[in-house]
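Have a look at the structure below before the remarks.
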Amino acid sequence: MSPLPLRLSAPAVRGFGRGSRELGIPTANLPPECLPLAAWEALEAGIYWGWAGLLPEVLPEGGGCARVFPAAISVGFNPTYGNKEKTLEPHFICAPSDPHRGASRCGESQMPDFYGRTVRLAVCGRIRDELKFEGLDKLVEWIKNDIKVTEEKCGSEGEGCWGEREWCRSGEEV
């Protein structure tokens, strides 16, 4: 397993479109090339938690992200769908007071598309193994639980990886 935390910065690319369309839980899809090959191969399939920032079109003075979000992160082959290639897909979790929270059809965060925009991602810890589910309702139920776990981890100073949150906010190199 790759040592955590793991930092990366990459443009969001188009994925299969299932997160938004089928599940109501959109993700930013990041290309595998955003990590050195050895780190990509060492990163085990599973569900992780961490922090994500989206670089704005115009960087504020000093660079970096104005907002950083807790992120529930899927790494793997999405066994419910039977993918052949490993993917890296963070779901940005908006605060309960944010108008984007609850905007998706299943009540989760739904942000505007940001294809091509740079995502800064810090993978801090592992939640669970990847699982194959019988039906999308069960998959959504588990993802919603992963989102809760991520919020708990990111809200706890003991496990929140606060330095990684600040790295996502900064303009500091990977």
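Note on the stretch 89-118: residues that are free of Cβ contacts under 8 Å to residues at least 60 places away in the same chain and within 27 Å of Glu41 (Cβ to Cβ) amount to 0.
Please verify whether the stretch 150-166 includes one or more residues that are outside any helix (DSSP H, G or I) and either at pLDDT 95 or above or at positive phi (or both). Yes, that holds for at least one residue. Can you tell me which residue within the stretch 4-41, out of those that are outside any helix (DSSP H, G or I) and basic (Lys, Arg), is farthest from the chain's Cα centre (by Cα)? So the residue we want is Arg14. Any residue at all in the stretch 139-158 that is without any contact (Cβ under 8 Å) to a residue 40 or more places away in the chain, more than 20 Å from Pro11 (Cβ to Cβ), of a type in the set (D, E, K, R) and in contact with a Lys or Arg (Cβ under 9 Å, 6 or more places away or on another chain)? Checked the stretch 139-158: no residue is without any contact (Cβ under 8 Å) to a residue 40 or more places away in the chain, more than 20 Å from Pro11 (Cβ to Cβ), of a type in the set (D, E, K, R) and in contact with a Lys or Arg (Cβ under 9 Å, 6 or more places away or on another chain).
Candidates are the residues of the stretch 42-56 that are modelled with pLDDT of 90 or more and assigned to a strand (DSSP E or B); the one that is nearest to Ile143 (Cα to Cα) is Ile47.
Checking each residue in the stretch 96-139 for being among the aliphatic types (A, V, I, L, M) and within 15 Å of the chain's Cα centre (by Cα) picks out Met111, Val119, Leu121, Ala122, Val123, Ile127.
The values are calculated or read from the model by the stated rules, or taken from the named source; none is laboratory data. Please read all numbers here as calculations on a predicted model, not as lab measurements. Positions of Cβ are generated from backbone atoms using ideal geometry, with glycine treated the same way; all protein chains shown enter the neighbour counts.
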